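Below: the structure, in structure tokens.
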Amino acid sequence: MEDITGPGTIDQLVADARTRQHEANPRLIRDWTQAGLLDYPTRRPAGKGHGSLPALYAEEQRKLFLTLLHHRPTTRIRGLAKIPVGLWLYFGDSYVPLRQARLAMTTWLGDSRTSLRGARETAQEMLLSLDNPAASEAARRHLRTVISDSAYTGKVDFRELEAATRAVFEPGHHRVRRAVGHPAAPLLVDSVIQSIKARVHAVKKLNAGEISDEQFNLARHTHLVSFADYIVLQPFLAAQAPATNPDMYEPATAEATLNRACGDLLTSLGLVSMFPQRAAEIAKAPIPSFNWAT
């Protein structure tokens, strides 16, 4: 994308796409802007009494548009929304502004309040990175139902949620609390329950419009601090992953991390909202820099 320099009009975005054999038109760009896949362009007044000049999309948005088009043939809108969210989460407002990331998060979540189908899709997305290969399909299905009902109604029965989560992550371990993985970072069902509770809580707060920009930025900060620690430990943890779940500690590649971005941000938003003092303590550490695995 070295030839993409400077901001461009909507017609230039269409031309960028067609130069690379992608189908695109102004309607698609406007639809994607409303969904948060792209940011709104900057309006340009032409002077008093002269109307306005064509609005401009930032250079980063022109490049993002081409990235989205590249993934479009195999990825639905909700999946594409992970890209701008991930760019904001890991690279900040200079790549994707928070206002756009918020819209993209809403697109990824779907409108779980207006249809059970949307709520079920939300539940499915929320559980993509949280699973136990030993769990029965019936237990997984019940957990999805509990989460989708919570997303649809806005009411959370945490006791039922915990029981459904344990049925997935502790099948056959009713009295003994199970932990697997490296002792330095074991997968405890209690931590999984906390993550799912945080995600359900965040969905409820987001749907109610009760998550502030300050909380988004704090969630980003705390996630990056924790994520940097994971990158350092990951090779040692992966070497001792259990045979039943060898991918428990996956490498922090750019692709894998972007795929998890919305779920990770949702967890962090929930934790920041539920435990603000703890989040403030974590955020005392500076935002780290890190290198991606290939």
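The values are calculated or read from the model by the stated rules, or taken from the named source; none is laboratory data. Quick caveat: nothing in here was measured; it's all calculated off a predicted structure. For neighbour counting, all protein chains shown are included, and Cβ atoms are generated from backbone atoms with ideal geometry for every residue, glycine included.
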May I ask you to list pairs of residues, at least six apart or on different chains, whose Cβ atoms are under 7 Å apart, with the first in segment 198-225 being closer than 16 Å to Ala279 by Cβ and the second being of a type in the set (D, E, K, R)? Ile211/Lys205; Phe216/Arg102; His223/Asp264
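Regarding Gly118, is this residue modelled with pLDDT under 90, surrounded by fewer than 22 Cβ atoms within 10 Å (Cβ to Cβ) and in a helix (DSSP H, G or I)?
Working: modelled with pLDDT under 90: yes; surrounded by fewer than 22 Cβ atoms within 10 Å (Cβ to Cβ): yes; in a helix (DSSP H, G or I): yes.
In short, yes.
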When you go through (1) within 16 Å of the chain's Cα centre (by Cα); (2) assigned to a helix (DSSP H, G or I); (3) free of Cβ contacts under 8 Å to residues at least 24 places away in the same chain one by one for Arg18, which number turns out not to apply? (1)
Residues in segment 56-68: is at least one of a type in the set (D, E, K, R), touching a strand residue (DSSP E or B) at 6+ places or on another chain (Cβ under 8 Å), within 13 Å of Thr9 (Cβ to Cβ) and without any contact (Cβ under 8 Å) to a residue 24 or more places away in the chain? no
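Each row is one residue, and each column tells you yes or no for (1) among the aromatic types (Phe, Trp, Tyr); (2) crowded, with 17+ Cβ neighbours inside 10 Å; (3) not assigned by TED's automatic domain parsing to the domain that holds Leu265.
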position: Leu38; (1), (2), (3): no, yes, yes
position: Arg44; (1), (2), (3): no, no, yes
position: Ser52; (1), (2), (3): no, no, yes
position: Trp88; (1), (2), (3): yes, yes, yes
Looking only at segment 267-291, which residues are modelled with pLDDT of 95 or more and among the β-branched types (Val, Ile, Thr)? Val272
Tabulated pairs, segment 69-98, first within 14 Å of Ala35 (Cα to Cα) and in a helix (DSSP H, G or I), second at pLDDT below 95 and of a type in the set (Lys, Arg), C-beta under 9 angstrom, 6+ apart or interchain: Lys82/Arg260
